[in-house]
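Read through the structure below, which is laid out as structure tokens, and then see the notes.
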Amino acid sequence: MPAEYLFIVRHGETKANEKGIEAGSLDYPLTKRGIKGAEFIAKNLSKIKVNAVYSSPIFRACETAKILAKPHTLKIKTLEELTEAKLKPEFIGKEGRHHILTTPEAYSETNKELLDRTKKAIDIIIKEVDGNAIVVSHGDVINAMLEYVVERRVNAEKYYVLDTDPAALSILKIKERPILILYNFHRKMFAEY
């Protein structure tokens, strides 16, 4: 039986996040706030049956994954396909935040290559996991993963990927640019997992 639910989590905050530094593959540990954030997610997922925890091999993602895996007493499986978007070396460790869609010249991989390896990660997890899995990765990788699903690339059928439940809360942040920051949160949300 393939995976049922993937709980996708971005790694906790690091000093690089605080200072606006492009961490790339560098090892930045989680800040106190990053640890607290991961513990908050871990607590919320602790009552759900989780069969596997996957992580990017980069330290900050593994550190977050260990916190999320602890309540389930699971070992972490690292997948190279979940690693950070591949920045060119001259941008790593420098101030300035780049994203693969807004500054593609800063990357040594294209958005299509990122989408392809993200698809591969999803396929691996779906085939290996019987039940639910937690997946810890990085912002651009998670965005690519969600783009893959939202654009209905999973199969050729026509269906809604975004399907709002009754009395559900969704939040759009509009200030600088529209960003979906919460989707379909409701009272019975975790009851079905």
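The longest part of the chain holding none of the exposed loop GluC sites (Glu not before Pro), meaning those outside H, G, I, E and B in DSSP with at most 11 other Cβ atoms within 10 Å, is 1-150. Model label points for R187 and E109, set 7 angstrom from Cα along the Cα-to-Cβ axis, are 4.3 nm apart. The mean of 1/r over all pairs of different alpha-carbon atoms in the chain, once inverted, gives a Kirkwood hydrodynamic radius of 17.6 Å. Contact order for the stretch 3-161, expressed relative to its length and based on alpha carbon pairs under 8 Å spaced 6+ residues apart, stands at 32 percent. Under the convention that each Lys and Arg Cβ holds +1 and each Asp and Glu Cβ holds -1, the size of the dipole of the stretch 1-135 around its Cα centre is about 580 debye. From the square roots a ≥ b ≥ c of the eigenvalues of the alpha-carbon gyration tensor of the stretch 1-95, which class results: rounded (a/c under 1.5), prolate (a/b over b/c), or oblate? It is oblate, given that a/c is not under 1.5 and a/b is not larger than b/c. For G12, the amide hydrogen comes within under 5 Å of the amide hydrogens of T64, counting only partners 5 or more places away or on other chains and with H modelled in the peptide plane. Simple rule: put +1 on each Lys or Arg Cβ and -1 on each Asp or Glu Cβ in the stretch 51-180, find the dipole, and look at L68, N143, A121; the Cα lying farthest toward the positive end is L68. Ranking A133, G93, P57 by Cα position along the charge dipole of the stretch 3-161, where only Lys, Arg, Asp and Glu carry charges on their C-beta atoms, puts A133 farthest toward the positive end. Ordering L101, L172, L87 by the number of other Cβ atoms within 10 Å of each residue's own Cβ, fewest first, gives L172, L101, L87. Looking at the chain, the DSSP beta bridges with both ends there are about 35 percent antiparallel. Among L180, L74, the order by Cβ neighbours within 10 angstrom, fewest to most, reads L180, L74. Among K173, K75, K86, the largest mean-square fluctuation in a Gaussian network model of the chain, built with springs joining Cα atoms closer than 10 Å, belongs to K173.
Each reported figure results from applying straightforward, stated rules to the coordinates on display, with no laboratory input. Quantities reported herein were computed from a predicted structural model and do not represent experimental measurements. Note that we place each Cβ from the backbone using ideal geometry, even for glycine, and neighbour counts take in every protein chain shown.
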